[in-house]
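The values are calculated or read from the model by the stated rules, or taken from the named source; none is laboratory data. What you see is a predicted model; the values in this text were computed from it and never measured. Heads up, the Cβs are rebuilt from the backbone with ideal geometry, glycines too, and the neighbour counts pull from every protein chain shown. Just so you know, the surface numbers come from the protein's heavy atoms only, side chains and all, with ligands and any DNA or RNA stripped out. Shrake-Rupley method; radii C 1.70, N 1.55, O 1.52, S 1.80 Å.
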Amino acid sequence: MSTSPFDRDPSTRRLLDEDYCLSFEGNHLIVERVPYVTAAKAVTYGRLALPVVFSGDIVQDGSGDHRIWFIGEQPCDQHGQPIPGPSPDGHAITPELSASFMISSKPKNAGVYANTYDKITSYVRILSHPAKALDPTVTATLGAGWTEVPDDLPFVYPDTGTARAGLAEMNAKFRGHRIGIIGLGGTGSFILDQVSKTWVDTIELFDGDVFDNHNAYRAPGAADIEDLKLRPNKAEHFARVYSHMHTGITAHPDFITADNLELLGNCTFVFMAAADADDKKAILAWLYERGIPAIEVGMGIRDEGGHLSGLLAVVNHFPGMSDGAISTATGRPDEYDRNIQTADLNCLNAMLAVINWKKYLTYYAALEPVDETVYRIFTGTIRNGNGDAGEDAA
Amino acid sequence: MSPGNSPGHGEHAVTIFVNTREFHWDKKEISYEEVYNLAFPNEPLNDGDVARIEYSRGHNGGGAGSLQPGGTVKVKENMVFDVYVTVRS
């Protein structure tokens, strides 16, 4: 494990020195071959798993969380009675591997384990004592072993958020997807902010525009003045910033028009967030013909005599969906249009779009398919679905 | 209440809100085009442009929905309409 971040972790070293067999998979440290007793009073082996906390690529020893997860049957005492502590709890470690029990046992004195070594050895004792009572020769320390299963995720540093929440199985729904984002303005940049934190394979950014100060005031994060002075292309700017985290981002410093639609050909899903694309209808039609699902976003905001009001719209174009919703392509900025946008409303519109995308992937539950989501500033209401569904007034 | 905004002074006029502003309306129904003209009397839509019209606090238990071009909806006291062209992002 010469190149592993666990090299420098004292608890991992000590467990290996004492002949524990360990592996690292799905951002969980796994103790292989922990003896325990089943309800049938049989001595067998299970596995303990705990999410690893990283600071960058440095393993943090001891997370303050006293819980651990167990892969095996209901652990019992030597009489076959369930021992106190474990409770049934599905916790995904990888899309293929789940723990079936969560075990909670706080150390008697401090209430927290000082480090991962103390935590693991304590839980091994709890599980293996009954096994040793039945068979004194069993042990969890059969010989040191270390296996590190690479997660092949498109990230620069470990996604421990998924491990802590046990969402590996759920997040697998993003694998294999290649996302296109057309337009990296206020809304598109916030869409990227969220998509870059998912397990999608690649993200392609399309924008021919320059990133200036006014864009910085509608974008996630805080742009550096030195970056602004260089007048970067929007797609290239955001690709550089978000490549700090996601490894699959490509910038195309071009506007998508009817003449270069083939650039979208690799995408499995497209977010249309370009305000000024004259060819919006042609782009959407091209995607629809190829069965590539898309979501378009658009807002209209006006100064209504001292306060702003307006609508935010998300229009879904999914295969099999009828074309009933009003597209954001059915209108052009005119002489009266001051192009009012605010970062919070750009962000909300982007989040409504991202949530609709995640519903399409079945990541989030959805009562029924909807072709549009509309937020109204004045009433504060969100309407989902086409036409005159009367029940959504909140 | 601003009588100047009223298209009529019938006995059964109701107050409706269009883009946050109060209007009097004395017909039982209102059309897509009529709502649009209340919101933007000086800004006719260009060919092919469609404004989005959302309403709520309507009939049938506070009915809400979107009004499509050519469509009409029954009006009710304090009904609320939002009319915007949603092209920006």
Applying the selection to the range B:76-89, what residues are buried (at least 23 other Cβ atoms within 10 Å of the Cβ), out of contact with any Asp or Glu (no Cβ under 9 Å at 6 or more places or on another chain) and more than 9 Å from chain A (Cβ to nearest Cβ)? B:M79
Show the residue pairs that are 6+ apart or on different chains and have beta-carbon atoms under 8 Å apart, the first residue being within the range A:347-362 and in a helix (DSSP H, G or I), the second being aliphatic (A, V, I, L, M) and surrounded by fewer than 18 Cβ atoms within 10 Å (Cβ to Cβ). A:L352/A:I382; A:K359/A:A365; A:K359/A:A366
Within the range B:20-46, of all residues that are outside any loop (DSSP other than H, G, I, E, B) and among the acidic types (D, E), the one nearest to the other protein chains (Cβ to nearest Cβ) is B:E22
Considering the range A:297-315 alone, what residues qualify as being more than 8 Å from chain B (Cβ to nearest Cβ), open to solvent by 10 Å² or more (accessible area, probe 1.4 Å) and in contact (Cβ under 8 Å) with a residue 40 or more places away in the chain? A:L308
Filtering the range B:47-75 for residues that are farther than 15 Å from B:K28 by Cβ, more than 8 Å from chain A (Cβ to nearest Cβ) and open to solvent by 30 Å² or more (accessible area, probe 1.4 Å) leaves a count of 3
Of the conditions (1) touching a His at 6+ places or on another chain (Cβ under 9 Å); (2) of a type in the set (S, T, Y); (3) in contact (Cβ under 8 Å) with a residue 60 or more places away in the chain, the single one that A:S196 does not satisfy is (3)
What is the one condition in (1) closer than 25 Å to A:Y36 by Cα; (2) open to solvent by less than 30 Å² (accessible area, probe 1.4 Å); (3) assigned to a loop (DSSP other than H, G, I, E, B) that A:S128 does not satisfy? (3)
